[in-house]
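Right, one structure below, let's go through it.
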Amino acid sequence: MEVRSEGVHVRCDKLPSPRIASSPVIQSPKLPAPAIARTRLQVWFIRLCSSLFVWTCLVQLVAVGEFWSPHLFSNLTNRISQITQIPAQGVLLSPPPLPPARNYTSNGFLRVSCNGGLNQMRAAICDMVTVARLLNLTLVVPELDKTSFWADPSNFEDIFDLRHFIDSLRDEVRIVRRLPKYFSRKYGYKPLEMPPVSWSNEKYYLEQILPLVSKHKVLHFNRTDTRLANNWIPLDLQKLRCRVNFQALKFTPKIESLGYKLVRMLQEKGPFVTLHLRYEMDMLAFSGCTHGCTAEEAEELKRLRYAYPWWREKEIVSEEKRSQGLCPLTPEESALILQALGISKDTQIYIAAGEIYGRDRRLAPLRAAFPRIVKKETLLAPEELQQFQNHSSQMAALDFMVAVASNTFVPTYDGNMAKLVEGHRRYLGFKKSILLDRKKLVELLDMHLNGTLSWNGFALAVRSVHERRMGQPTQRTVIPEKPKEEDYFYANPQECLCMGTNCDDLLSRGNLSKPR
């Protein structure tokens with residue numbers, strides 16, 4: 001290598017190697033100090049430019065290759081990612097590259113306050129991301145319900161991985177943690193606050209909501225439950241709802257870590273059934289279902305219902321609702337149904353629920369029929385659950401993870417958790433979910449308990465009723481003008497359950513369940 005500086009010509013490859021002190025030293029021509037500094041800077045600069053040029057070419061080559069022939073370059077990118085991984089055991093791997101941010105002019109900001117429990121809010125978040133994408137809005141990180149019966153103070157980032165949520169959706173919608181300061185009340189700005197109309201399609205949002213955003217720049221939806229229709233929504237929007245639900249909404253690392261631990265503990269002891277026993281105080285008070293309760297308990301539940309003004313229905317005849325199949329099964333009824341379905345006495349039964357109303361007294365018949373009943377509170381040490389105490393949504397997230405992973409899922413009431421878990425299990429390959437026909441079951445239970453139907457007849461009838469209610473592929477039932485009575489999108493997101501643009505092959509006549 002030759003270096004020229006201020007008339008000095010030096011052949012670097014001819015410079016002598018260092019010698020020990022006793023050897024004769026050959027002096028090389030000395031460069032002035034400024035010349036040496038400039039020479040080093042030039043070498044460093046050349047190396048830097050060369051490295052940048054090589055990496056830029058590589059990135060461009062991969063990008064062009066992905067465009068023209070993604071399969072050809074997939075192996076190359078995989079090998080590159082393997083090389084860059086840290087080999088040490090227990091070290092988290094580098095996250096996948098972020099999708100390119102979508103370039104669009106935002107029409108304004110959408111702020112949303114979710115209402116309800118964990119799974120109702122989860123579905124609402126998916127809907128609101130979709131609405132923001134449809135209207136080209138900037139979404140403010142959703143606010144979670146802190147005023148409902150559960151009074152959970154958790155924020156979004158306490159339950160979901162916020163960074164992943166924002167990054168994984170950047171190619172669809174811009175999401176910010178908070179509104180810019182100049183849109184705050186401190187600066188005299190008052191956003192338009194309203195609940196959107198329930199079960200609305202894209203026409204409603206484009207024709208009625210978008211003009212409001214254009215005028216006010218910030219729109220606050222103060223209620224978000226079931227504000228987007230189940231059906232007749234464009235396919236790309238339906239798939240976005242699924243993408244948010246199944247990919248963008250990850251639980252926080254501390255929730256996932258403990259949830260996976262629960263699943264491992266159960267799996268190590270063999271197959272297990274998750275029983276979503278929705279026999280909790282809030283559910284019974286809200287529904288007015290008091291079958292099997294004492295007179296004092298029934299009165300206590302009634303007082304609770306009147307204490308919450310947003311529970312609109314106050315006077316409820318419990319037995320009428322039960323006969324219509326609108327009540328959750330009791331623990332005693334659940335024990336009989338599980339036995340009739342042929343679930344072995346030795347099967348692990350994981351109870352996914354909060355505190356059962358009546359506690360051990362009401363659980364005794366179920367425990368007698370299935371001695372291997374467990375809950376998160378019995379599997380985990382108290383100190384492991386302490387961080388989640390008084391955070392009902394975080395506790396529900398643990399149950400959600402176990403329910404999705406279980407061999408069989410049996411909900412005793414078709415509430416939001418039952419529907420969301422059912423949808424996740426369909427998405428994971430139509431895992432077995434026994435979707436109970438409570439109206440028919442109540443009739444069979446009463447006949448068996450009053451002696452008019454033998455055990456064998458009862459068990460045969462129960463299995464026959466549920467033969468095609470095991471979570472198999474099925475078309476969503478559509479009931480025009482009655483969206484509350486039709487199948488819920490998140491329980492059966494059929495548009496997202498196959499690789500093609502439609503599910504005609506999956507939902508062929510040979511695979512279809514009968515409409516529910």
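Values as computed for the structure displayed
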| quantity | calculated |
| --- | --- |
| Alpha-carbon centroids, segment 455-495 and segment 405-429: separation in whole Å | 12 |
| Environment charge of P196, counting only residues whose C-beta is closer than 9 Å and scoring Lys/Arg +1, Asp/Glu -1 | +2 |
| Protein accessible area in segment 280-430, 1.4 Å probe - carbon and sulfur % | 51 |
| Distance in nm between pseudo-label sites at N103 and D446 (7 Å out along the Cβ direction from Cα) | 6.7 |
| Cβ-defined net charge surrounding S106, 12 Å radius [Lys, Arg +1; Asp, Glu -1] | +4 |
| Long-range HN-HN contacts of F109 with modeled amide H, under 5 Å | T138, V218, L219 |
| Cα Rg over Rh - segment 132-203, Kirkwood | 0.99 |
| Hz values of 3J(HN,Hα) by residue in segment 453-462 - Karplus curve (6.51, -1.76, 1.60), Gly and Pro given as x | 9, 5, 4, 4, x, 5, 4, 5, 5, 4 |
| Within straight-line cross-link reach of K431, lysines at Cα separation under 18 Å, skipping those fewer than 8 residues along the same chain | K419, K514 |
| Under 5 Å, built H, 5+ apart or other chain: amide partners of F272 | N407, T408 |
| Per residue value of the accessible surface for segment 254-374 (all protein chains in place, 1.4 Å probe), Å² | 47 |
| Neighbourhood net charge (12 Å Cβ-Cβ; Lys/Arg +1, Asp/Glu -1) for R361 | 0 |
| Residues with amide H under 5 Å from that of I373, placed H, sequence gap 5 or more | I349 |
| Portion, in percent, of the accessible area of segment 191-237 that falls on carbon or sulfur, probe 1.4 Å | 56 |
| Inter-site label distance for K186 and T477 at 7 Å from Cα along Cβ, in nm | 5.2 |
| Sequence-distant aspartates and glutamates (8 or more away, or on other chains) whose Cα lies within less than 15 Å of K432 | E422, E467 |
| Virtual spin-label span in nm between E268 and K146, 7 Å along Cα→Cβ | 3.8 |
| Alpha-carbon radius of gyration plus Dmax, which is the widest Cα pair, for segment 404-501 in Å | 15.5, 52 |
| Segments 125-133, 276-284, 174-182, 344-352 sorted - mean Cβ within 10 Å per residue, highest first | 125-133, 276-284, 344-352, 174-182 |
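The values are calculated or read from the model by the stated rules, or taken from the named source; none is laboratory data. Quick caveat, the model's predicted, so the values are computed rather than measured. Every residue, glycine as well, gets a Cβ built from its backbone with ideal geometry; the counts of neighbours run over all protein chains shown. To get the accessible areas, we keep the full protein, side chains included, count just its heavy atoms, and leave off ligands, DNA and RNA. Shrake-Rupley method; radii C 1.70, N 1.55, O 1.52, S 1.80 Å.
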